[in-house]
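As structure tokens, the structure follows; a few thoughts come after it.
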Amino acid sequence: MPEAIPPRAAAYYLGLDGGGTKTDCFLVDADNKIMAHATAGPSNPLRAGYAKAWFALSDAADMVLERCRLKSSDIRGICAGIGGAGRDSVAKRIATFLERGFQQATVVVTTDLEITLQAAVGDGEGVVLVVGTGSAAYGRDAEGRVARAGGRGPWFSDEGSGFDIGRRAMAAVVRAEEQRGPVTALSQRVLDWLGCKDWSRVLDWVVKNPDDVFPRVFPLVADLGDRGDAVSCEILSGAAESVAELVASVLQKLELQDRDVPVAVTGGTVGRSKFFDAAIESCLAKFAPRASLVSLHVKPAEAAARMAIRLGQRKAHAG
């Protein structure tokens, strides 16, 4: 995509989508023309830590500014959808960091679920199911009421996520080796997949940074599931049921279970396995039979940039 060198008098806006795996950033002008796009590391502070989150957000923003020869003072608005920002304390810390770096910008920090819903249905009614490193469903009804399920971290939530699938896969390998569970092709592949010679190295890695281990195993489970490995298929089927239940929970909270509602399924695990994608669709048909599957109209970070434009212009008119 060619990147134009913009005139100095114009106003520019940033949209950020920060999750447990990566950070997307879109730079747009006041007419919503995309000027540049960049990707950096993870910026969910509850999983990566605040230092890594701030570095990732800065890296992504710096890349788009440099490509268009802009300065931070040229940015008039920022909307950042960040994993973990459902907690007010998290949102405030991220907002403070961005406000210090972009002192001329109106900054709004919301959840990655909010900007993903915006990318799917705009201001309308609908539900998004995000299945990546974590998992969550988020929805809004026609009156603007919102509800969510999941996304509370890997220790007591995020069922069916890449983290959860990877953890279950490695547990299945251990059970197979101890003859407490069925034989699986995972046993022959998982150590090589992770680049480890023995389980002691894996254990040390998990203790140090489980987010860097378990989600890495998901693509292997996805591949073996498509190849018919029974254990992998069972893990993926269970995960699909878990994430479909998240959607059903949101629909019930919003009293939408008996209405035709658009549901968008997205995230880093989607589109990686025909078996898993089909299992999610099948489970949604079971738990949310009136739901109609739709695609995202734009990327969440681009939707965030559009939100930043509206917020910035609203502040200008108010002033």
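Read the figures in this text as sums done on the coordinates, not as results from a lab. Owing to the predicted nature of the structure, the values given are computational and were not obtained by experimental measurement. Cβ coordinates were reconstructed from backbone atoms using ideal geometry, including for glycine residues, and neighbour counts include every protein chain displayed.
Quick notes on this one:
- Peptides 227-238, 13-24 ordered by average Cβ neighbours within 10 Å, highest first: 13-24, 227-238
- Difference of contour (0.36 nm per residue) and Cα-Cα distance, L293 to S187: 34.6 nm
- Counted over segment 123-296, the DSSP beta bridges are approximately 60% antiparallel.
- For segment 172-213 and segment 117-146, distance of Cα centres in Å: 35
- Reference-scaled alpha-carbon Rg (2.2 N^0.38 Å with N residues) for segment 123-296: 1.09
- Within the chain, percent of DSSP bridges classed antiparallel, to nearest 5: 55
- Residue order, fewest to most beta carbons within 10 Å, for H297, H37: H297, H37
- Full extension of the chain segment joining R145 with A30 gains 38.5 nm, where the gain is 0.36 nm per residue of separation less the Cα-Cα distance.
- The distance from the alpha carbon centre of segment 280-307 to that of segment 9-88 is 23 Å, rounded to a whole number.
- Our summary gives segment 123-296 a relative contact order of 29 percent, counting only alpha carbon pairs under 8 angstrom and 6 or more residues apart.
- Full-extension gain in nm, D62 to E281, via 0.36 nm per residue minus C-alpha separation: 75.0 nm
- Coordinate range of the alpha-carbon atoms in the chain per principal axis, descending: 69, 49, 37 Å.
- Taking a straight Cα-Cα cut-off under 14 Å and skipping sequence neighbours fewer than 8 places away in the same chain, the aspartates and glutamates within cross-link reach of K253 are E125, D141, E143, E245.
- Cβ-to-Cβ counts within 10 Å put R175, R69 in ascending order as R69, R175, the fewest first.
- Whichever lysines have a C-alpha closer than 18 Å to that of K299, once near sequence neighbours (fewer than 8 apart) are set aside: K22, K33
- Mean residue ellipticity at 222 nm, helices only, the chain: -15000 deg cm²/dmol; runs of at least 4 DSSP H residues each add -39,500 (n - 2.57), and the sum is divided by the number of residues.
- Per-residue Cβ neighbour rank within 10 angstrom, fewest leading, T39, T133: T39, T133
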